[in-house]
Amino acid sequence: MRQRKSVEWTRLDNASKIFPATCSNKDTKVFRLACELYNAVDPEMLQEALNITMDYFPFYKSVLRKGVFWYYFQTSDLHPVVERESDPVCAPIYLDDRKNLLFRVSYYHNRINLEIFHALSDGTGALWFMRTLVYHYIRLRHKEAFADQIPEFKPNASISEKMDDSFGRYFEGRDLDILKLMDNPNKAKTARTYRIRGTRLDENKVKVIEGSMSAKAALELAHEYNATLTVFIAALFIYALHKERPVRTKNDPVVLSVPINLRNFFQSETTRNFFSTMNIGYPFGQESPDFQDVIRGVSEDFRKELTAESLNQRLNQLMSIEKNLLTRIIPLPFKDYSLRLASKIADRGITAAITNIGQILLPEEFKRYIRQFSLCSSARMPHISICSYNDRLAVSFSSPFRETEIQRTFFEFLSENGIDIEITCNL
């Protein structure tokens, strides 16, 4: 008699639950990490590197399934196959009627692409996967250069640590009253928030305009304004949004959604989602402020929001909702409806979004093979994504709209302040 193979399943973490419920053709909840090399990609060696990488990330073989009350991850025997890029940027990955992996690896000329459905991982977790993939690809592709000694590259963590649900480990939320969670902690910022209108691209495509520049030069400019690079880019984004909006909305606050990597505050090596979000912005009034005023306002928002007390309060609120008995027994279709409604309400208080995954590190010997990394995402509203490698800083605008005035104003400010920028666009 044939023995039936056991199937393992894993609950979605707290941050992952929103993505299956709210993904659509307009917003696929997919993000892309790309590595641009100096030489054309060898697809066979990339496939070999991917096979090796999967041994370090077995969770990436999961598929997403529907239960009566919750979605869940299920192990699979599917194997990822490297393909030449043919789909639009951040095309749908999760389809609820298909049993497929939640990521894809593709290549185009000298670029390697990793695209991930956000329920599987956040930017930091995906970056660890991408670094491992690129490391093994370059090691294989240029093995003659490393015949004497292979550059050292240690995995970030054990497999069990990578699969950790860090929300469940750090935040129980059992001490909070569920009725108090009806109060919106960002309500002061959500009143009459400026919302961007534009002409949507055909077939729900995403326009990605990428500016590459010297990371050192950009950081020096940020320091001239007494700001970190993230604060500087966020303030400049807000400033550009304000400059290009209709006069009738000039008094409405401009608010950005900013993800927070919780690994910077709590010990965790998980490659699953472990992030929170905060809203930062500037309350524009009758008089148009100068850029320095916006910098000061954004810096103050970051200072207030990035505290242990604020993070603990917000995350315990979210965990309280998840662990509440009433929430747990509601059937999945009703949960999906509630999450979609909550997401739409939250969006009313947000103008745009910004993500910075920081500096990407690989062995020093690889610099001669790697030109830069970049990050972009699907977008229901304009979204800036930032990352750097060596001295190459990539700032990518993702937008569902045809209009590009905001991007032009943003990059013109940098150019006028002495930053040399290389601009590329996917459409």
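The values are calculated or read from the model by the stated rules, or taken from the named source; none is laboratory data. It should be emphasised that the depicted structure is a prediction, and the values quoted were computed from it without experimental measurement. Virtual Cβ from ideal backbone geometry, glycine too; neighbours counted across all protein chains shown. Please note that ligands, DNA and RNA were not included when accessible areas were found on the heavy atoms of the full protein model with its side chains. Shrake-Rupley method; radii C 1.70, N 1.55, O 1.52, S 1.80 Å.
Points worth noting:
- Restricting region 27-77 to residues that are part of a loop (DSSP other than H, G, I, E, B) and touching a Pro at 6+ places or on another chain (Cβ under 7 Å), the residue that is surrounded by the most Cβ atoms within 10 Å (Cβ to Cβ): 28
- All of (1) surrounded by fewer than 21 Cβ atoms within 10 Å (Cβ to Cβ); (2) touching a Lys or Arg at 6+ places or on another chain (Cβ under 6 Å); (3) not acidic (Asp, Glu) hold for residue 415 with one exception: (2).
- Conditions (1) touching a strand residue (DSSP E or B) at 6+ places or on another chain (Cβ under 9 Å); (2) open to solvent by 10 Å² or more (accessible area, probe 1.4 Å): number failed by residue 280: (2)
- Checking each residue in region 358-390 for being closer than 19 Å to residue 88 by Cα and either modelled with pLDDT under 95 or not in a strand (DSSP E or B) (or both) picks out 378, 379, 380, 381, 382.
- Unmet requirement for residue 358, which otherwise passes all of (1) surrounded by fewer than 19 Cβ atoms within 10 Å (Cβ to Cβ); (2) touching a residue at least 60 places away in the same chain (Cβ under 8 Å): (2)
- No other residue among 315, 262, 306 is among the hydrophobic types (A, V, I, L, M, F, W, C) and modelled with pLDDT under 85 apart from 315.
- Of all residues in region 111-131, those satisfying the criterion of being open to solvent by 10 Å² or more (accessible area, probe 1.4 Å) and either part of a strand (DSSP E or B) or polar (S, T, N, Q) (or both) are 111, 124.
- Tabulated pairs, region 207-229, first within 16 Å of residue 375 (Cα to Cα), second of a type in the set (D, E, K, R) and in a strand (DSSP E or B), C-beta under 8 angstrom, 6+ apart or interchain: 211/422; 212/392; 212/422; 213/392; 213/422; 215/392
- Restricting region 320-357 to residues that are of a type outside the set (Gly, Ala, Ser) and assigned to a loop (DSSP other than H, G, I, E, B), the residue that is modelled with the lowest pLDDT: 324
- Scan of region 81-110 for residues that are crowded, with 17+ Cβ neighbours inside 10 Å and over 21 Å from residue 204 (Cβ atoms), ordered by number: 82, 101, 105, 107
- First in region 81-93 and more than 13 Å from residue 27 (Cα to Cα) and of a type in the set (A, V, I, L, M, F, W, C), second anywhere and open to solvent by less than 30 Å² (accessible area, probe 1.4 Å) and modelled with pLDDT of 95 or more, Cβ under 8 Å, 6 or more apart: 82/46; 82/50; 82/105; 82/106
- Restricting region 228-253 to residues that are at pLDDT 90 or above and among the basic types (Lys, Arg), the residue that is most open to solvent (accessible area, probe 1.4 Å): 243
- Neighbours by Cβ (under 6 Å, 6+ apart or cross-chain): first from region 403-427, farther than 13 Å from residue 237 by Cβ and without any contact (Cβ under 8 Å) to a residue 12 or more places away in the chain; second open to solvent by less than 60 Å² (accessible area, probe 1.4 Å) and part of a loop (DSSP other than H, G, I, E, B): 415/421
- Residues being crowded, with 17+ Cβ neighbours inside 10 Å and either free of Cβ contacts under 8 Å to residues at least 24 places away in the same chain or over 23 Å from residue 386 (Cβ atoms) (or both) are entirely absent from region 143-158.
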